[in-house]
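In what follows, a structure is listed as structure tokens, so that the remarks can point back to it.
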Amino acid sequence: MFSRSPILLLTGLFVAVALTAHAATPVVTTTVATGVTDSDAALNGTIDPLDDIFEVRAEYGLTAAYGYVTQGSSTLFGTGVQACSFRPSGLATNTTYHFRIIATTLDRASTYVGNDMTFTTLANPPTLGAVGAGVSNLQPGEASFSLDSLLSGSSQVTVTYEYGLTASYGSSVVSPTKVEKDLIAYTTCHAKATGLAPATTYHFRAKAVNEQGTVYSADDTFTTPLWPVLVTTAATGVTDLAATMNGTVVTNGVVLNVLFEYGLTMGYGQELAAANGMNNTSAAPVSVQPQGLQPATTYHYRLKAKYYWDQSYVYYGADQTFTTGVAATPPTAGNVWGESGGTTTARVYCAPVFSGSSPTTVVFQYGLTTAYGSSATAESEVSTNVSGATVWADLTGLTPGTTYHVRCVLTNGEGTVSSGDTTVTTLQPPVVITGAATNVGDLSAVLNGSVNPNGTSTTATLSFEWGATTNYGNTVGATPGSLLGAGTFTGNLTGLLPGTTYHYRAKVHYSFLAGVDYYGPDVAFTTGAPNTPPSLGGASTTRVTTSTAAVSVSNISAGSSDAEIFWEYQAAGGSVQTVPGNPATRTLGSTGAAAVTLTQLLPGTAYTFRCGATNGQGTSYSASGSFTTLSAPTVTTAAASNLADLSVVLHGSATTSGGGGFGLFFDLGTSTDYGTTVTPSGNYLTGSNTLTPAATASRLLPSTTYHYRLRAQEVILISGQPSLLAISYYGADQTFTTGAPATPPVATTQSASTIAAAAATLNASFETGSSPATVVFEYGTTTAYGSQYSAPAAFDASTAATTTYALLGLTANTVYHYRVIVTNGEGTSSGQDVSFTTLSPPTVTTSAATNVNATNAMLNGTCNMQSGIYTTTFDYGLTTAYGQTATPGGVLIGGGGILIGGGGVIGIGGVGGILIIGGNTSQNVNAIAPFLLPQTTYHFRLKLSDGYGNNYYGDDAILTTVSPVQVWRQQKFNTTQDAGDAADMANPAGDGVLNLLKYALNMDPATSGVPPQPQLKDYAGAQHLSLTFQRDPAKTDVTYEVQAADSPGGPWTTLASSAGGAVTSGPGFVGETGMSTGINGQIGILLPLQPLNVEVKDTVSMQDAPRRFMRLQVTRQ
């Protein structure tokens, strides 16, 4: 056999086409597999290419039909025997595989295979390292097991520790740690045994199990230690308010902090320390005396100990109880003293107070003599068995400068006691004087005051209240702000209005008790006529560029009237320029800073500036400031280089001499309007420096004249980051003309996307080159392709673009090849071959409906996406033509989608369903079908859509809705039958209201109730009978009818009615209120229908009839 095939040899930058001849069959040999583990192996072989070129791989599988090909390949050529080796991974453990070497010519025309060989992967059981058991007297009854190391072998390993009093063990604990296959784990597989006996020797061993076998460690032993012993013993010295709690402690070598827990229950709640740092080996007594016990009360208590170094370790003694005696102890009073709270108040105290066996009330008796005569009760009583308490009360309404006698009287259920007598003297009131205002100007004044405390020893806080009336409304602090003793003080008022009368008074505050204020008399002053011009602070610059300067003044005060603000600036030898301020005005009495940016300045020029302000009283200026604008750069546009049909290199230079920073850019376009910016690298120019930037402009049009220039744009730093200003300097315009078309296209085939069972999207990117280019996709099941798609229009010249094509009608589980071909007037470029495999079709199953009610039901199904991307919905309707759609999660069509679980990634769908991405496991899907008709059969099915117009369906299923009353009976009586207590005419509550009426009115049939009653109500000035009741639109199986008559015997006239859930209507219908819709309008979520409040009036007024009767009648449809 002799044939000739074109072979592509890619070497460096050149593609050469050679011809070769297959004169003889190459020798392909499969040799023994090596390096076999439990999950991979080296598949070996040799080939003599006999001067041809071959792509070499290995086939492997569970049979000689193979089924798998190694991912990597080798390209072998020349003469002589050459070795090859491939290592597939992910093999099954303990499994026999067939394999052989295959060699394929580069044109895919011929394939040669080697002989079949087999190998078997290993089956490795686990290997155990040393096993350890740890015990501690801090953890009584526990032992901790672990492995120093574990080699897991060929599958996941579970470790169990067996232990017991003999080598027969009898107990075990499983480690929660699982070690995955082919891992070496160290200090691992921890587990804990509990419930062990103290001072006891236990045998133990480790058992490791994987799918390849079970191994055991050697038998070993550990001995549990003694642990602390706490014994709670009987209480002693028990009285009505006291007891001693006792116990003994043996720490057995553990350093403990010992305490007692006690309380009214075995929850205890209170603790009392007994000893810290105990460490002994024989019983030592401990005891405590709790405080605050209550008479005739039983208390629980027990010993408790915590490890000294780590108090998370806790030990307990047994619970004990004691009961205190009956109440027998009266209170005890301590010393009494008082402090004056001012001229008419005082606060008196008594301490220490012991309340005794019951709650104690506290009364302070006071008066001008020891006969007292008046009393004040403390705010709260003292609880039982409280010692060391301090009690107090405020005495009010006292006479200034007077001495009072005081004593404390304590009373509880066991007696009354009194303290000794003491005295307290009230103060004379302080004298506060408001002095005349001084330094009164048109905008300010100084207020004056003085205070004489008359013996008050507390510091006074000083201020003035002031305003346009004696209501004042403003407060200004005084200087000094406080005084201890007598003295004068002042307050400075600013920001006043000219020619205005103000009131003020001195204020003195003492902080004793709740605080007391004293005031001087009211005084008034009138500010002078306007006479204050504006005032200005210092001026400064904050930022200077080549043509702008930001200037500011720290503070401007308007003076006695509104002021206009302006700025003046002047270049050396130039005229004065004036610009308005920002803000332009400052209102009467206001102050604040001002700033402005001066523009259109000359580069490298010295300027002086100042801020001015003018009001009705004159003009004022800030001190003058100065600045020098930065020098402008020198910018030169140089000749272009490397001119081609689609690109060029632009050049220029820029120089600064100590000016600011500039960004350098090239403006480029087919006219002097430019329109395109090309940014060179390293384009930031600053300091005294010169840059010669160059930048490549690409994707130009052939045979076209372009204009360009170098631009230097001023840069400032804001918070350390460069920011471009709208200030630029330009080099002269230059031109160049691109060459004639000479560049072919460049095509790149990209990976397919959104691969489905019957469709996929092909992708490519390309450069069109020097002329408009056409784009074609070739595709097929081999690299011969056989089919193609052409883009509908050519792409413009000198364009980088991407294109896609949705390929439909494909076969599932099939490999497809494709490539992109781009052609322009200068040549053709073919992208590389790319392949993809279509997915398996999804499996779709419609399941039985659940939660079937009268007007809605839950539709169910399952699906396996087979790694595809699908939108899920349910079709449903009265026939197998369906006609309606339900979206999973209960979101109505148009509502977007919801998130659900189920394996795979779930996202928001764009067409009313939910988008389920990937996953190769069965996933549950469900949706609510709303607004169904009662007692009606519906068809439904699960539907999956792939986005290409391909749909996959589950089988048809049916459901039959129930009647609304059946739903109600099931909820209330656990039956759907019209019988027994559930019957329409039954009355299980015995209140005379039948089930039918309670069903219609949303009443509980098991609870006694009263139906709605007619009421008299005014309508347009006349009294009518009116009835308001609840109508449930979901209850379509009843009719509501409101009737009226002149007598109970009738005849009855219908005023309003509603049947089958319809809107109420009739001559007496007034209105329905409440939410009845089943849709939340904001998010499209299905909601249950809500009952409506229906109002109906009698059409005959009470003025027109002596008697009227009204009733509600409900009938079953």
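Scanning segment 723-737 for residues that are touching a residue at least 24 places away in the same chain (Cβ under 8 Å) and more than 38 Å from the chain's Cα centre (by Cα) gives 725, 727, 729, 730, 731, 732, 733, 734, 735, 736, 737. The residues of segment 179-198 that are surrounded by 13 or more Cβ atoms within 10 Å (Cβ to Cβ) and farther than 23 Å from residue 225 by Cβ, listed by number, are 179, 181, 182, 183, 185, 188, 189. Of all residues in segment 145-154, those that are out of contact with any Phe, Trp or Tyr (no Cβ under 6 Å at 6 or more places or on another chain), assigned to a strand (DSSP E or B) and crowded, with 17+ Cβ neighbours inside 10 Å total 4. Does at least one position in segment 49-57 carry a residue that is at negative phi, in a loop (DSSP other than H, G, I, E, B) and crowded, with 18+ Cβ neighbours inside 10 Å? Looking for residues that are at negative phi, in a loop (DSSP other than H, G, I, E, B) and crowded, with 18+ Cβ neighbours inside 10 Å, one finds at least one in segment 49-57, hence yes.
If you go through segment 266-285 and keep only what is small (Gly, Ala, Ser) and either more than 48 Å from the chain's Cα centre (by Cα) or closer than 15 Å to residue 314 by Cα (or both), you end up with 273, 274, 275, 277, 282, 283, 284. So residue 170 ticks every box in (1) over 30 Å from residue 90 (Cα atoms); (2) in contact with a strand residue (DSSP E or B) (Cβ under 6 Å, 6 or more places away or on another chain); (3) surrounded by 13 or more Cβ atoms within 10 Å (Cβ to Cβ) but one. Which box is left unticked? Failing condition for residue 170: (3).
Let's see how each residue does on (1) under 47 Å from the mean Cα position of the chain (by Cα); (2) among the charged types (D, E, K, R); (3) assigned to a loop (DSSP other than H, G, I, E, B); (4) surrounded by fewer than 16 Cβ atoms within 10 Å (Cβ to Cβ):
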| position | (1), (2), (3), (4) |
| --- | --- |
| 739 | no, no, yes, no |
| 747 | yes, no, no, no |
| 751 | yes, no, no, yes |
| 762 | yes, no, no, no |
| 765 | yes, no, no, no |
| 771 | no, no, yes, no |
| 776 | no, no, no, no |
| 782 | no, no, yes, yes |
| 785 | no, no, yes, no |
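Considering segment 563-582, and only residues there that are in a loop (DSSP other than H, G, I, E, B) and touching a strand residue (DSSP E or B) at 6+ places or on another chain (Cβ under 6 Å), the residue that is nearest to residue 527 (Cα to Cα) turns out to be 576.
Among the residues of segment 396-446, the ones that are charged (D, E, K, R) and under 60 Å from the mean Cα position of the chain (by Cα) come to 1 in all. Taking first residues from segment 631-651 that are at negative phi and partners that are crowded, with 20+ Cβ neighbours inside 10 Å and basic (Lys, Arg), the Cβ contacts under 7 Å between residues at least 6 apart in sequence or on separate chains come to 637/709.
Within segment 107-143, if we keep just the residues that are in a loop (DSSP other than H, G, I, E, B) and among the hydrophobic types (A, V, I, L, M, F, W, C), the residue that is surrounded by the fewest Cβ atoms within 10 Å (Cβ to Cβ) turns out to be 109.
Quick grid of which residues meet (1) in contact (Cβ under 8 Å) with a residue 24 or more places away in the chain; (2) under 20 Å from residue 545 (Cβ atoms):
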position	(1), (2)
564	yes, no
574	no, yes
582	no, yes
587	yes, no
595	yes, yes
601	yes, yes
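Of the strands (runs of 3 or more DSSP E) lying entirely inside segment 435-538, those containing at least 2 residues that are surrounded by 18 or more Cβ atoms within 10 Å (Cβ to Cβ) and modelled with pLDDT of 95 or more are 445-452, 460-467, 487-493, 501-510, 523-526. Of the strands (runs of 3 or more DSSP E) contained entirely in segment 248-305, those carrying at least 2 residues that are free of Cβ contacts under 8 Å to residues at least 24 places away in the same chain fall at 270-278.
For every residue, the table says whether it meets (1) surrounded by 18 or more Cβ atoms within 10 Å (Cβ to Cβ); (2) more than 23 Å from residue 296 (Cα to Cα).
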| site | (1), (2) |
| --- | --- |
| 359 | no, no |
| 366 | yes, yes |
| 370 | no, yes |
| 374 | no, yes |
| 377 | no, yes |
| 382 | yes, no |
| 394 | no, yes |
| 398 | yes, yes |
| 410 | yes, no |
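In segment 551-579, what residues are closer than 26 Å to residue 529 by Cβ and of a type in the set (Val, Ile, Thr)? Of everything in segment 551-579, those that are closer than 26 Å to residue 529 by Cβ and of a type in the set (Val, Ile, Thr) turn out to be 556, 565. For the criterion of being touching a residue at least 60 places away in the same chain (Cβ under 8 Å), under 30 Å from residue 933 (Cα atoms), in a strand (DSSP E or B) and of a type in the set (Val, Ile, Thr), residue 873 passes. Just need a number here: residues in segment 592-621 that are in a loop (DSSP other than H, G, I, E, B) and over 15 Å from residue 582 (Cβ atoms). Number satisfying all stated conditions: 8.
Listed conditions (1) of a type in the set (S, T, N, Q); (2) surrounded by 15 or more Cβ atoms within 10 Å (Cβ to Cβ); (3) not assigned by TED's automatic domain parsing to the domain that holds residue 793 are all met by residue 829, apart from (3). Within segment 658-708, the residues that satisfy the criterion of being hydrophobic (A, V, I, L, M, F, W, C) and over 18 Å from residue 638 (Cα atoms) are 662, 700, 701.
Annotation note: Cβ proximity below 8 Å between a residue of segment 782-797 that is under 22 Å from residue 810 (Cα atoms) and a residue that is of a type in the set (S, T, N, Q) (sequence gap 6+ or interchain) occurs for 790/774; 791/774; 791/803. Against the numbered list (1) under 52 Å from the mean Cα position of the chain (by Cα); (2) surrounded by fewer than 18 Cβ atoms within 10 Å (Cβ to Cβ); (3) among the β-branched types (Val, Ile, Thr); (4) at pLDDT 90 or above, residue 542 comes up short only at (4). For segment 207-251, filtering for residues that are of a type in the set (Gly, Ala, Ser), under 30 Å from residue 328 (Cα atoms) and surrounded by fewer than 20 Cβ atoms within 10 Å (Cβ to Cβ) leaves 3. When 550, 572, 584 are screened for being surrounded by fewer than 21 Cβ atoms within 10 Å (Cβ to Cβ) and either in contact with a Lys or Arg (Cβ under 6 Å, 6 or more places away or on another chain) or assigned by TED's automatic domain parsing to the domain that holds residue 344 (or both), only 550 passes.
The values are calculated or read from the model by the stated rules, or taken from the named source; none is laboratory data. These numbers come from a predicted model, not from an experiment. Every residue, glycine among them, receives a Cβ derived from its backbone with ideal geometry; neighbour counts consider all protein chains shown.
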